[in-house]
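Report on the structure given below.
The values are calculated or read from the model by the stated rules, or taken from the named source; none is laboratory data. Model, not experiment: these values are computed from the prediction. Methodologically, a virtual Cβ is constructed for each residue, glycine included, from the backbone with ideal geometry; neighbour enumeration extends over all protein chains shown. What goes into the accessible areas is simple: the full protein's heavy atoms, side chains included, and nothing from ligands, DNA or RNA. Shrake-Rupley method; radii C 1.70, N 1.55, O 1.52, S 1.80 Å.
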Protein chains: 2
Amino acid sequence: MASSLLTRQLAISLQQNLCLAAPGCRYVSRTATKTVSEFEYDAPSMKTAVPGPKSQELMRQLGEIQNVGAVHFFCNYEESRGNYLVDVDGNRMLDVYTQISSIPIGEVTVSFSKSFLCESLFSQSAFVNRPALGILPPENFPDKLFESLLSIAPSGMSRVQTMACGSCSNENAFKSMFIWYRNKERGYASPSEQEVGTCMINQSPGCPDLSILSFMGAFHGRTMGCLAATHSKAIHKLDIPSFDWPIAPFPKLQYPLEEFVRENAQEEARCLEEVEDLIVKWRQKGRPVAGIVIEPIQAEGGDNHASPDFFSKLRNIARKHGCAFHVDEVQTGGGTTGKFWAHENWGLDDPADVVSFSKKLLTGGYYHRDELQPDKPYRIFNTWMGDPSKNLFLSEVLNVIRRENLLEEVTRSGKALLQGLYALQTQYPHILSRARGQGTFCAIDACNDATRDSIMLKARNKGLFMGSCGEKTIRFRPALVFKEYHVHQLLNILNNILAEHK
Amino acid sequence: MASSLLTRQLAISLQQNLCLAAPGCRYVSRTATKTVSEFEYDAPSMKTAVPGPKSQELMRQLGEIQNVGAVHFFCNYEESRGNYLVDVDGNRMLDVYTQISSIPIGEVTVSFSKSFLCESLFSQSAFVNRPALGILPPENFPDKLFESLLSIAPSGMSRVQTMACGSCSNENAFKSMFIWYRNKERGYASPSEQEVGTCMINQSPGCPDLSILSFMGAFHGRTMGCLAATHSKAIHKLDIPSFDWPIAPFPKLQYPLEEFVRENAQEEARCLEEVEDLIVKWRQKGRPVAGIVIEPIQAEGGDNHASPDFFSKLRNIARKHGCAFHVDEVQTGGGTTGKFWAHENWGLDDPADVVSFSKKLLTGGYYHRDELQPDKPYRIFNTWMGDPSKNLFLSEVLNVIRRENLLEEVTRSGKALLQGLYALQTQYPHILSRARGQGTFCAIDACNDATRDSIMLKARNKGLFMGSCGEKTIRFRPALVFKEYHVHQLLNILNNILAEHK
């Protein structure tokens, strides 16, 4: 029921926008009647082990031209709907991994795509005539930015720059921080001839020995700049040259957080002290810290949380030492923590300097304060600078999130999910521990990686598709349309597996 | 005429594919009748100076949230067609810059977008349900890769990896070369515990001191890895930390090439000698060269050419010293040089190891030999790994290129363009020099940057939109549908401006 309501809302949202965007549009009425019948499935349905024979054959084909070691299975996206992912062998799974946490409102039906895309998006040529946004933006570009990204800007963020993906977003955020830092150092004067000359050959002072402070367990992307701030798994970093940048410990907290307040506060204090030591040490080394980058919840690194107090003190340390403060919301942003931005839970008086995003925001990019805008054009630049078709799609998705109050839904489902995980770890203490989460952005640890992997495979064959992170963690990353009904489905499947596992 | 033919070809191509992709499709006949009337404009038409008042107002709006110093004007992409870009003030310009060389077959009409996108592309959900291609590819992903990217693979290239943009493509190509190089060094054994441990904290041997050899004047992108191989303009590099990697001189040739064969051969020999010296020197320094990266024509750096003999000898040097050889075709690829890949003009016996692309290929990515494939999954990886909707669009574009024999068109137009530029520099030797080009990938130098910029602004106000590169170069980057008729239009406008400039 809830999902058919959602679909009707989509249709209404689209109708209203289409009438503005494309007067005289032809498809709306057909779409509106169609969507009502196209509601979500009510349960998983499995026909083969996963990957099934069709997936395996496709893996063989793709394996001729790419490494397919990471491919789980092939999908039939036309048949996938809402919270259910359908594979090419006809298996229908409850999806709580959502394309590595990148699908905002669930798998969208064909009628949504047709009505939205054919009329609103593509009558505007945004897809086929992809502009170089930095030099030749389309007429509706400012409007669409205000309507989409600016309408959800975190506190203190007055400016936004779109990019193609999360890594590009963080790379360019780092560049903005370096540029800002050096401009401060040279008193906003023009660069010297020596700087201009040396930068062309990668040498200091033109290419200065500045650094970004990051945390053990962090994941900020895989291009060489963000990779130097990533420390979650060796497979990401092995054999790739890197920068000598400082790496602070991220607090290793005990869960549930409310039961270990004192111990956790001590651990956080230890880490903050180390941050200050590193900043001083790297300045003395001649590699000053231009910026500090941190995730509100370390995701890839194992769903590691810290308290609002920790982040708030970290922000103060950044301010005290003249470093920019960059909050990486690539995985946490977009509503799954119950707030649109996870760092809104901290209640900072002094907002961040940069907030980067991608995944569920459909386009990459970063918000920043006025001061972080480079002084000249072409310093932060590339050919496409994002993709306006993604901004248009984001506008539609935000309309749905607002009208459906999906953040409230997330808070409700998240509570049910976390309570359920607590119950499971109480029931199976030899297998599960450390249930934790904010909104539906939840996780639980298995006793070791082999057990974790075994649970995940069994769950998949029973129609529950989950992701892993860290060493032995299962991460839950459902879409915003994940309801209490789905929580119970998930918990039932897990419980059955764990009961057999005993 | 030619353009209406083209548009009809598009419709036929689409009909045939749509019948495969979406049986029972409804829009084809309407599209087919519509496209015939929607042909290209026949000439520029100017109503205001550029940027006009509407563009200026939009710049003010966008300026509130972004640096707009690089924005030339705002575009009306719905009204833009083929070789003509229409701005929001109703100015229609002959476009030989094509979104920084990234539009393959010209601005595409609304009917093309509707028929192709609504039926073929979006009935397949490729846009709204964007998959994480590395783990959950859609059913048609291998087929579409074979049909699109593999069907145009350069000689020797058996594998392809898609990425979101040019910088990501080069970053990941570099990473592949580093991984390949270290695997060779350790005799394909597993990494040591020390390597696994040190890579997590950015230290050697896990993050080894390897380097990429690049050339002065090169442009390979702006994320921190490719930026370390970019040396075209200070504005790209100033204030960004970099790597100590070797930079060789790129030959400074005299044009026309066929008149300076001996002098140019000497210059190329000098540069090649320097390449070998640098490889030895960097090995001695403890930063061995894992790969050599080069553009077939240095584009951003000023349209600098070198001979097939130079590239062939460079490839041999890479082979001799055990370095991978990476040809960056981000700007040169896609047909504008008269071959689909510019480096096909070299006739290499021993193909490149990596060929990267983006821009006119609509998706980023890189081809590589079998040996360059990482040994394990997740080493070359990110959330999206490209965008399958772009692969589908590329398939359609390739059909058009083949059926319309657009590479022959490019060769014809390119000859006319280069002859015209020779004539202009003969007529205005005090203003223009060094006309050069391959296919329509042409350029000419002005006597200084101020004159170049003044000519470009005047041309724009007369309806000719061009790009610049290097210090004082005008670059011509028309789409593949640029015909001799358009060449004459371009030359007439330029001639009028130069005549006034005398």
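Given the Cα-Cα distance of A:GLN56 and A:GLN203 and 0.36 nm per residue of separation, how much length would full extension add, in nm?
Separation in residues times 0.36 nm, less the Cα-Cα distance, equals 47.9 nm.
For chain B, calculate the relative contact order in percent as a whole number, restricting contacts to Cα pairs under 8 Å that are 6 or more residues apart.
In percent, rounded to a whole number, it is 20.
Quick check for me: using +1 on Lys/Arg Cβ and -1 on Asp/Glu Cβ, what's the dipole size of chain A about its Cα centre, in debye to the nearest 20?
So the magnitude is around 440 debye.
Starting from the Cα coordinates of segment B:319-462, work out the convex hull volume and express it per residue in Å³.
203
Which shape class applies to chain A: rounded if a/c is under 1.5, otherwise prolate when a/b exceeds b/c and oblate if not, where a ≥ b ≥ c are the square roots of the Cα gyration tensor eigenvalues?
Cα axes put chain A in the oblate bin.
What's the Cα-based Rg to Rh of segment A:130-402, Rh via Kirkwood?
Computed over Cα atoms, the ratio is 0.96.
Could you work out what % of the accessible surface of the protein assembly as shown is carbon and sulfur, using a 1.4 angstrom probe and leaving DNA, RNA and ligands out of the count?
51
Where does the protein assembly as shown land at 222 nm, in deg cm²/dmol rounded to the nearest 500, when only DSSP H runs of n ≥ 4 count, each adding -39500 (n - 2.57), divided by all residues?
Dividing the helical sum by the residues of the protein assembly as shown leaves -12500 deg cm²/dmol.
Given the protein assembly as shown reduced to its alpha-carbon atoms as identical point scatterers, what log10 I(q)/I(0) does the Debye formula return at q = 0.08, 0.09 Å⁻¹?
Treating every Cα as an identical point scatterer, log10 I(q)/I(0) equals -0.76, -0.99.
If you take the accessible area of A alone, add that of B alone, and subtract the area of the pair, what total do you get in Å², probe 1.4 Å, to the nearest 100?
11700
Could you give the size of the charge dipole of segment A:130-402 about its Cα centre, using +1 on the Cβ of each K and R and -1 on the Cβ of each D and E, expressed in debye and rounded to the nearest 20?
Around 500 debye, computed over segment A:130-402.
How much accessible area does B:TRP384 have with a 1.4 Å probe, in Å² rounded to the nearest 10?
10
Convex hull volume of the Cα atoms in segment A:198-237, per residue, in Å³?
Once divided by residue count, the hull of segment A:198-237 is 72 Å³.
If R0 is 45 Å, what FRET efficiency do you get for A:ARG186 and A:GLU344 from their C-beta distance, rounded to 0.05?
Efficiency, from the Cβ-Cβ distance: 0.80.
Which of the residue pairs A:LYS233/A:LYS462; A:LYS175/A:LYS376; A:LYS54/B:LYS359; A:LYS252/A:LYS458 have a Cα-Cα distance greater than 24 Å in the structure shown?
Pairs exceeding the cut-off: A:LYS233/A:LYS462; A:LYS54/B:LYS359; A:LYS252/A:LYS458.
Let's test the formula: R0 of 30 Å, r as the Cβ-Cβ distance of B:LYS376 and A:ASN461. What FRET efficiency results, to the nearest 0.05?
With R0 = 30 Å, the Cβ-Cβ based efficiency is 0.75.
Using the Cα gyration tensor of segment A:194-283, with a ≥ b ≥ c the square roots of its eigenvalues, what is the shape: rounded (a/c below 1.5), prolate (a/b larger than b/c) or oblate (neither)?
The shape class here is oblate.
Quick check on segment A:124-270: take the gyration tensor over C-alpha atoms, sort the square-rooted eigenvalues as a ≥ b ≥ c, and tell me if it's rounded (a/c under 1.5), prolate or oblate.
oblate
May I ask you to list, by number, the DSSP H helices of chain A whose Cα span along the axis is at least 20 Å and whose average Kyte-Doolittle hydropathy reaches 0.5 or more?
Going by DSSP H runs, the hits are A:2-21.
Which value, in debye to the nearest 20, gives the size of the charge dipole of the protein assembly as shown about its Cα centre, when Lys and Arg are +1 and Asp and Glu are -1 at the Cβ?
That gives a dipole near 740 debye.
Could you work out, residue by residue across B:75-82, how many beta carbons of other chains sit within 10 Å of that residue's beta carbon, and then give the average as an integer?
5
Could you rank A:GLU371, A:GLU57, B:GLU195 by how accessible they are, 1.4 Å probe, largest area first?
A:GLU371, A:GLU57, B:GLU195
May I ask you to derive the FRET efficiency for B:LYS285 and A:ARG403 from their Cβ-Cβ distance with R0 = 56 Å, giving the value to the nearest 0.05?
Calculated value: 0.35.
How much accessible surface does B:CYS207 have with a 1.4 Å probe, in Å² rounded to 10?
Number for this one is 10 Å².
Would you mind listing the distances between the B:SER151 label point and the same position in each other copy? Use 7 Å along Cα-to-C-beta, nm, one decimal, shortest first.
4.0
So what is the relative contact order of segment B:130-402, in percent, for Cα pairs below 8 Å that sit 6 or more residues apart?
Computed value for segment B:130-402: 30 percent relative contact order.
Just checking the output field for A:389-398: average partner chain Cβ neighbours within 10 Å of each residue's Cβ?
Mean partner shielding for this stretch: 1.
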